[in-house]
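First comes the structure, then the notes that go with it.
The values are calculated or read from the model by the stated rules, or taken from the named source; none is laboratory data. Bear in mind the structure is a predicted one, so any value in this text is a computation, not a measurement. Cβ placement follows ideal geometry from the backbone for every residue including glycine, while neighbour counts extend to all protein chains displayed. The protein model used for the area step is the full one, side chains on, heavy atoms only, and it has no ligands, DNA or RNA in it. Shrake-Rupley method; radii C 1.70, N 1.55, O 1.52, S 1.80 Å.
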Amino acid sequence: MLFQLRKITSFFTLNFWNSRAFFFMAFLTILISILMIILTFFTLGSVIQSFVQEGGLSLHLPIELREATFNFIWGNIFIYIPILGSAFFAAGAISYELEQKTIYQLFSLPVSRDIILIGKLLSSFIATATIVTIYIAIQFVAYIIQFQSLPSSYFIDYYLLALLLTFSDVSMGIAVSTFFTKQSNASISYLILYIVAMDIVSLIFSASNVNPLLIKANADRIVYRVFMNLDPYVLYYGGSISPAPIFQILFSVEILVAYTGCFLLIAYLMFLRRGIVK
Amino acid sequence: MSSIKVRHLEKSMGPDKTLLIKELNIESPKVLGLLGPNGAGKSTILKLLSGSVELFRGEIEINGIDIREDRKNAVIGTGSLIENPRFYQFVSGRHLLSFIDCIRKGTDFGVPEEVNSVLEQIGLEKKGKSLINTYSTGELKRLSLGAAIIGNPKIVLLDEPLDNLDILGELVLDNIIHQISNVKDKILIMASHDLGLLEKFCNEVIILIDGKIEETVIMDYPGNKKIITLDKSVQPTLSLSKEYEHTGSEIIIEMSKNEEIISVIRELNSQGYEIKRINDYSMLKRKYLDILKIKGMNIHH
């Protein structure tokens, strides 16, 4: 079973890595990283200035706060990388099979559907995580150049949370993918669901005094809140230029894990159904 | 020996359409054809036998294993080409075949040698290393055939194998079918609209109409019948030295071995008939058209 899972995962990962979508995503990520380098190398001072003035703080910032701001800004943009990666890779993982009619070839192989689904999930995750890692690696190098030192241990938390977020986004992408027979429809629906639908639900939650962190899109932002507990989108929990407290990080992690579990369950049920109705 | 047993099979094919097969037993060696109009259920049968579609009523046993109870072991010796897949664009043909072979065998052992042999068989030795998105339609079809036969499956299911094949591809297909039909423990099932292909290779052809088996035609007809189309309707007064059947302006006549058709042509000419064309008589075509006519599906022309 492990042999088959390894083969399926490596086969589909290779298919992703060789794809134009992967090169396009890698190119976009590098382009975004270059823009971030320009932003943080040449305009960090004024960015921080406008940033802290809103909080009514002094401009004489300690170096730790400058470093946290640097990572916070990079993290803020980072959020979009796994969303786009999942829209390209995960949202097309199953719908592509149906669109190109390769699903009959895949399903006729002597391997269980569960293994196929897990292999698809892992390969989409590896492809998206590769893009994510490119961005974070550039951020890491940019940090070292800017501050002439290694980033603090928060950077490890940031990377691990980024991977969890990526896995969660990929799970959502796979779940959406199982509903569609066209890759483009699945990708667009995934983006609409993520960017539009979740924001509307978030507003409804805020207006109804329900914790908006229960929405995945808000819980995702824990990634940059490990540097500063600020969120330009959700001020429900109040802001602080200190890192988010551990209980808030754990709460967001729980939310992300719960969403991931639900998405995987939906994907599993739909994937099995795909195999039996057509 | 390989075997397929189907009992009381029922599978919905859309609104008001259901595939219904009371009983079907197939034992090796066998080359079986599936013939029928579009939507008759040919591809659905192949999808069910390949294990890629699981929701159905009834029983399907492959080599004695119930496909519903143990799909993985039931289909382990089955290779299929269904619905002309476009495949994964960003891996090479070699990589695709290796992947399928590894999954079928459950090991890497001997895979490169087998992939080389199949690539050679389908005429893609050189192209094998290129990404699939560079393949032409015909090359893609040959690759699909390779994917169906790699791992030496005992049961091979081919859906419209002639579609998109050029002359090279047809030769590849001929070789593959010959190889399968020469092995005693193999079963080949082909769904095709091409009567010539079915007549050339099949031991039996199942004619399907609206999801039901209308007739199973045994393809053991050894004769040499010809259809002669004349310039006008055949008159009752026509007298030939050989026995014949006629419908409209067509004469069906059986030639014995080594007998030349020219003597019949001379007789017809002497009685005022011009020959428009001469074709081999297709028993399968005749039966198929008769069935379509009975079902009210014939086209007048």
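Here is how the numbers come out for the structure above:
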read-out	value
Those residues of segment A:1-42 for which accessible area with every protein chain present is at least 30 Å² below the isolated value (1.4 Å probe)	A:F3, A:Q4, A:K7, A:F11, A:L14, A:N15, A:N18, A:R20
Carbon/sulfur fraction of accessible area - segment B:3-218, other protein chains in place, 1.4 Å, %	47 percent
FRET efficiency, 1/(1 + (r/R0)^6) with R0 60 Å, evaluated for A:K182 and A:I63 via beta carbons	0.70
Distance (nanometres) between label positions extended 7 Å along Cα→Cβ at A:F247 and B:D174	8.1 nm
For segment B:3-218, radius of gyration divided by Kirkwood radius, i.e. Rg to Rh on alpha-carbons	0.96
Separation of alpha-carbon centers, segment B:255-291 and segment A:82-117, rounded to whole Å	54 Å
FRET E, pair B:K126, B:T237, Förster distance 51 Å, beta-carbon r, rounded to 0.05	0.20
Accessible surface buried once A binds B (1.4 Å probe; total of both sides; Å²)	3200 Å²
For peptides A:241-253, A:157-169, sequence by mean Cβ density within 10 Å, most packed first	A:157-169, A:241-253
Packing rank of B:155-163, B:179-187, where each peptide gets the mean count of other beta carbons within 10 Å, highest leading	B:155-163, B:179-187
Cα centroid of segment A:119-183 to Cα centroid of segment B:105-142, whole Å	34 Å
Accessible surface, the protein assembly as shown, averaged per residue in Å² (probe 1.4 Å)	46 Å²
Reduction of at least 20 Å² in accessible surface, 1.4 Å probe, comparing all protein chains with the chain by itself, residues of segment B:46-80	B:K47, B:S52, B:V53, B:E54, B:L55, B:R71, B:K72, B:V75, B:S80
Extreme residue, positive dipole direction of chain A, given options A:M25, A:F107, A:L213 (C-beta unit charges)	A:F107
Rounded to whole Hz, the Karplus (6.51, -1.76, 1.60) HN-Hα couplings of segment A:251-258, x for glycine and proline	4, 5, 4, 4, 4, 5, 5, 4
222 nm mean residue ellipticity, helices alone, for chain B (DSSP H n ≥ 4; -39,500 (n - 2.57); rounded to 500)	-9000 deg cm²/dmol
Linear extension gain, B:N182 paired with B:I275, 0.36 nm per residue minus alpha-carbon span	29.5 nm
Accessible carbon and sulfur surface of segment B:225-294 relative to its total accessible area, %, 1.4 Å	46 percent
Positive minus negative residues near B:L81 (Lys, Arg vs Asp, Glu; Cβ under 9 Å)	-2
Estimated dipole of chain B in Debye, rounded to 20 [Cβ of Lys and Arg +1, of Asp and Glu -1, Cα centre]	400 debye
Amide H partners (placed H, <5 Å) of B:L19, local residues excluded	B:K11, B:S12, B:M13
Simple spin-label estimate for A:I38 and B:I167 in nanometres, 7 Å along Cα-Cβ	5.9 nm
Helical mean residue ellipticity (222 nm; -39500 (n - 2.57) per DSSP H run of 4+; nearest 500) of chain A	-24000 deg cm²/dmol
Simple Cβ-charge dipole of segment B:225-294, Lys/Arg +1 and Asp/Glu -1, about Cα centre, in debye nearest 20	260 debye
Charge dipole (the protein assembly as shown, unit charges on Cβ, about Cα centre) - positive-most of B:G14, A:M198, A:F227	A:M198
Cα convex hull of the protein assembly as shown - mean projected area over all directions, nm²	34.6 nm²
Size of electric dipole in the protein assembly as shown: Cβ of Lys, Arg +1 and of Asp, Glu -1, about Cα centre, debye, nearest 20	140 debye
Accessible carbon and sulfur surface of segment A:138-205 relative to its total accessible area, %, 1.4 Å	75 percent
Nonlocal amide H pairs with B:I209, under 5 Å, H built at 1.01 Å	B:E214
For chain A, built as a Gaussian network whose Cα springs stay under 10 Å, the top-fluctuating residue of A:A175, A:A68, A:A87	A:A68
Volume per residue that the Cα convex hull of chain A spans, once the total is divided by residue count, Å³	133 Å³
Theoretical FRET efficiency, 1/(1+(r/R0)^6), r = Cβ-Cβ of B:T18 and A:Q146, R0 51 Å, to 0.05	0.15
